[in-house]
Amino acid sequence: MKRNILITGGAGFIGSHLVRLMVNRYPEYNIVNLDLLTYAGNLANLKDVEHKPNYTFVKADIADLDAMRRIMKECEIDGVIHLAAESHVDRSIRDPFTFARTNVMGTLSLLQAAREYWESLPEKYEGKRFYHVSTDEVYGALELSHPEGIESASTTKASAHGHTAYGKEFFTENTKYDPHSPYSASKASSDHFVRAYHDTYGMPVVVTNCSNNYGPYQFPEKLIPLFINNIRHRRELPVYGKGENVRDWLYVEDHARAIDLIFHKGREGETYNIGGFNEWKNIDLIKVIISTVDRLLGNPEGYSLPLIKFVTDRPGHDSRYAIDSRKLHEELGWEPSLQFEEGIEKTVRWYLDNQQWIDNITSGAYEKYYEEMYAGR
Ligand code: NAD
Ligand code: TYD
């Protein structure tokens, strides 16, 4: 069936993996990638699909309501997958207003434009879908306890291989929202607007909340690419606090596969949590990154460990995130395809093989931002 799908934020990290998947998998769809190309957006992420006949790029700001109205109508959009956002917690602490503008007002503008266009059609909302991509960070922080004696709630491959859970509680789709950072507060607000458009206007929405992603094309301000790049350049590795915080990591292509599945098969009005039951204490993860980079660069074991520098903690630093994704597994059969060890190996190799990609985006303005950001720690 022919469809016109608008993907916002398609030049960013997760968006570029999703655009690639959709363009290659659905030649009968028109995929419109809408992105403002902020510091985080990079069309080089999509070099391999940019000439495909079913792919179009539009540069626009999601907070520009008139532009959103025009694009919905001109492209006759019947499905929206919304990823465009400001996405980095540390930036949100420095500049919360930009996060409110893009994540809250941007999402609201997109919802309103979709609503006006779809309500103007004879069939109205039939065959339409507004898919909002959100984060587990809206749920706040879970208690962190010693792993001994704790059983994982997992039914997926990851924990079948015996991975540790750092607490008894997990975020489920019913966990009460409790955001702490300006980033998570802005995402929580956008999630509420999406559900309000469902409940008030009958818009066919679906929302997903995913755990931390990793993989190729992630902007090197986030932990994993930042540390790989710093090791390569023999720069210090700034570990916040004691490195005891826990994050739940998912390979980005597994997230993109989940979005594809839920966009097509997820139930209207529902929320699905996405995660691979793959919790890591930051310091343990950092040691895995160090040993993988050192091995691939031919350095002796432990060579880059002295680059670790414990620095002032992030204010409001959430202690633990852990997603319970059993609903998605049980309803739609999704599970992660990669073991973490394989995913990290692939990821480190990619960044080491694509140094030019990193150098292009870390030169100039970003270098200045990074220096300022870490000078105070
Ligand atoms: P990213 O920062 O890599 O990319 C964001 C993209 O949005 C960029 O291409 C940027 O140019 C674009 N953008 C920003 N402001 C815009 C605006 N006003 N108008 C149009 N485009 C704009 O982010 P990401 O890590 O790929 O995250 C994508 C989405 O997934 C976000 O909504 C994020 O909250 C969510 N998410 C991310 C993670 C993660 O670990 N990265 C986990 C769960 C959910
Ligand atoms: P990040 O990649 O920023 O994702 P998020 O804050 O959205 O989870 O950070 C992942 C974890 O790594 C988080 O606990 C903060 C920590 N961290 C550091 O210790 N040092 C760093 O330089 C960065 C960027 C993050």
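Bear in mind these aren't lab numbers, they're just calculated from the coordinates by the rules spelled out. What you are looking at is a predicted structure, and each value in this text was computed from that prediction instead of being measured. Ideal geometry is used to build each Cβ from the backbone, glycine not excepted, and the neighbour counts take in all protein chains shown.
Computed over the chain, relative contact order equals 18 percent, with contacts defined as Cα pairs under 8 Å that lie 6+ residues apart. Highest mean packing first, where packing is the average number of other Cβ atoms within 10 Å per residue, the peptides 342-352, 21-31, 243-253 line up as 243-253, 342-352, 21-31. Any chance you could give the angle, 0 to 90 degrees and rounded to 10, that helix 282-297 forms with the longest Cα principal axis of the chain? The angle comes out near 80 degrees.
Rounded to the nearest angstrom and ordered from largest down, what semi-axes does the equivalent ellipsoid of segment 246-377 get from its C-alpha gyration tensor (root of 5λ)?
Values: eigenvalues 199, 72, 60 Å².
Equivalent ellipsoid semi-axes, largest first: 32, 19, 17 Å.
Sorting the Cα pairs of segment 239-290 by distance into bins of 10 Å, from 0 upward, gives 22, 37, 24, 16, 1 percent per bin. Taking the longest Cα principal axis of the chain as reference, the axis of helix 340-353 is set at about 90 degrees. When the convex hull of its Cα atoms is viewed from all sides, segment 322-376 shows a mean projected area of 6.7 nm². A Förster distance of 45 Å, applied to the separation of the beta-carbon atoms of Asn4 and Tyr303, puts the FRET efficiency at 0.30. The angle between the Cα long axis of helix 252-265 and the main principal axis of the chain comes to about 30°, on a 0 to 90 degree scale. With an a/c value of 1.5 or above and a/b not larger than b/c for the gyration tensor axes a ≥ b ≥ c computed over the alpha-carbon atoms, segment 89-140 is described as oblate.
So what's the Cα pair-distance distribution over the chain, bin width 10 Å, in %? Calculated over all Cα pairs of the chain, the distribution is 5, 24, 35, 25, 10, 2, 0 percent. Per q in 0.12 1/Å, what log10 I(q)/I(0) does a Debye calculation on the alpha-carbon atoms of segment 1-93 return? Each listed q maps to, in turn, -0.34.
Starting from the Kirkwood Rh over alpha-carbon pairs, what translational D in µm² s⁻¹ does segment 186-295 have by Stokes-Einstein at 4 °C and 1.567 mPa s?
80
Ranked by the mean number of other Cβ atoms within 10 Å of their residues, highest first, the peptides 134-144, 326-336, 8-18, 363-373 come out as 8-18, 134-144, 326-336, 363-373. Only lysine pairs 8 or more places apart or on separate chains count here, and in segment 1-148 those with Cα atoms under 25 Å apart total 13.
According to the Cα-based calculation, Rg over Rh for segment 1-159 is 1.04, with Rh computed by the Kirkwood formula. At q = 0.26, 0.27 Å⁻¹, work out log10 I(q)/I(0) for segment 158-221 with the Debye formula, treating every Cα as an identical point scatterer and leaving solvent out; two decimals please. Here log10 of I(q) over I(0) equals -1.21, -1.23.
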